[in-house]
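What follows is one structure encoded as structure tokens, with my remarks underneath.
The values are calculated or read from the model by the stated rules, or taken from the named source; none is laboratory data. As the structure is a computational prediction, the values presented were derived from the model and not from experiment. Ideal geometry is used to build each Cβ from the backbone, glycine not excepted, and the neighbour counts take in all protein chains shown.
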Amino acid sequence: MSHLNLENQLDEKTKELILKMEEELESKDQEIATLKMNWHI
């Protein structure tokens, strides 16, 4: 039973990490888009 519980905890941590990375990537994409726009002006 504890093995399954550990797996669930790992799944939760993995989901949190992926979500965090996706958010960071999104903000980086926005930064890049802003830089590109500023570069063209």
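Only one of the listed residues (Leu25, Leu10) is in a helix (DSSP H, G or I), modelled with pLDDT under 95 and out of contact with any His (no Cβ under 6 Å at 6 or more places or on another chain). That residue is Leu10. Can you say whether Leu4 is of a type outside the set (Asp, Glu) and either at pLDDT below 95 or not in a helix (DSSP H, G or I) (or both), as far as the supplied structure shows? Judged against the criteria, Leu4 is a match.
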